[in-house]
Amino acid sequence: LDFGWGGGEFLRLMRSYGYDVFGVDFDPIAVGALKSSGISGYHPDEIDHMNWREAFDSISLNRVIEHVPNPVKLIADLSVMLKPGGRMYIEVPNADAAGLSIFGKYWRGLEAPRHLNLPSWEGLSLALRGAGLEEESRLLRRSVRDWLWRESSEVIPESERWRFGAASKQ
C-alpha cells in the first residue's frame, strides 16, 4: 500500500516487479488516473469500510505525514493494516535537520503552509512506538539534503545572504 502516492511511479514500478499494489491519495484526479492505469486507487474516505486489517506486507508514506493534520493518528490507523512482520516506510523532512537551524524561515523543508507539521526523530519514534511499531532504521539521504540546501539558498533575499555566509553557498 502506498499512501499518498503522488504521480504513482512507485506503484507502477512495484507492479512491474509482480507485486499486488494499492494506492490511497487525497486527490480525486490522481485516484482516477491511477485507476485508469489498472491499479487499485482509493480516496481515504473510501477505505474506512474496507477490511484491510493485517492486509499488507508493506506500507509506504513518502513525503506524506507532514501534509496531514494528525500524523500520529494516520500512522496508528495504517499500522493495523500491516501483516505481522510487515514494514512501514516513512520519508519526511526532519525537524532536527541542520538546514533548519542554519536557514531558519528560509529552509525549503518548511514549505509553509503546505507542511502542517514537521516531526523530529524523537517525535516520529514516539508515534511509531505508540502505534505498536518498532523503528528498524533511519536513513539520511544526502541527495535530499543537497537539494534542500540549494533550494534554501536560492530563496534567501539578496539583502540577507551575508548573514548565512558559507552555508548559503554549499
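The values are calculated or read from the model by the stated rules, or taken from the named source; none is laboratory data. Predicted, not measured: the structure shown is a model, and the values here were computed from it. Quick reminder, even Gly has a Cβ in these numbers, built from the backbone with ideal geometry, and neighbours come from all protein chains shown. Areas reflect the complete protein model, heavy atoms only, side chains present, ligands, DNA and RNA absent. Shrake-Rupley method; radii C 1.70, N 1.55, O 1.52, S 1.80 Å.
What the table below lists for this structure:
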item: Scan of region 8-24 for residues that are touching a residue at least 12 places away in the same chain (Cβ under 8 Å), open to solvent by 20 Å² or more (accessible area, probe 1.4 Å) and of a type outside the set (A, V, I, L, M, F, W, C), ordered by number; result: Arg12, Arg15
item: Some residue of region 90-113 being in contact with a helix residue (DSSP H, G or I) (Cβ under 7 Å, 6 or more places away or on another chain), part of a strand (DSSP E or B) and open to solvent by 20 Å² or more (accessible area, probe 1.4 Å); result: yes
item: Of residues in region 142-158 being touching a residue at least 40 places away in the same chain (Cβ under 8 Å) and open to solvent by 30 Å² or more (accessible area, probe 1.4 Å), the one nearest to the chain's Cα centre (by Cα); result: Arg145
item: Given (1) exposed (fewer than 15 other Cβ atoms within 10 Å of the Cβ); (2) in contact with a Pro (Cβ under 7 Å, 6 or more places away or on another chain), number of the condition Asn117 does not satisfy; result: (1)
item: Positions within region 27-84 being in a helix (DSSP H, G or I) and acidic (Asp, Glu), in sequence order; result: Asp45, Glu46, Glu66, Asp77
item: Subset of region 68-95 [under 19 Å from Gly8 (Cβ atoms) and out of contact with any Leu (no Cβ under 6 Å at 6 or more places or on another chain)]; result: Leu78, Tyr89, Glu91
item: Only one of Arg138, Arg161, Arg87 that is out of contact with any Phe, Trp or Tyr (no Cβ under 9 Å at 6 or more places or on another chain) and within 21 Å of Ile65 (Cα to Cα); result: Arg87
item: Top-ranked residue of region 120-135 - restricted to ones that are farther than 17 Å from Arg87 by Cβ and of a type in the set (A, V, I, L, M, F, W, C), ranked as least open to solvent (accessible area, probe 1.4 Å); result: Trp121
item: Criterion: under 26 Å from Ala55 (Cα atoms), free of Cβ contacts under 8 Å to residues at least 24 places away in the same chain and either assigned to a helix (DSSP H, G or I) or open to solvent by 40 Å² or more (accessible area, probe 1.4 Å) (or both) - qualifying residue of Arg161, Arg138, Arg87; result: Arg138
item: Test: Asp27 is free of Cβ contacts under 8 Å to residues at least 24 places away in the same chain, out of contact with any His (no Cβ under 8 Å at 6 or more places or on another chain) and open to solvent by 80 Å² or more (accessible area, probe 1.4 Å); result: no
item: Criterion violated by Lys35 - all others in (1) touching a Gly at 6+ places or on another chain (Cβ under 6 Å); (2) surrounded by 15 or more Cβ atoms within 10 Å (Cβ to Cβ); (3) of a type outside the set (S, T, N, Q) satisfied; result: (2)
item: Number of positions in region 47-63 that are free of Cβ contacts under 8 Å to residues at least 12 places away in the same chain and either open to solvent by less than 80 Å² (accessible area, probe 1.4 Å) or not acidic (Asp, Glu) (or both); result: 3
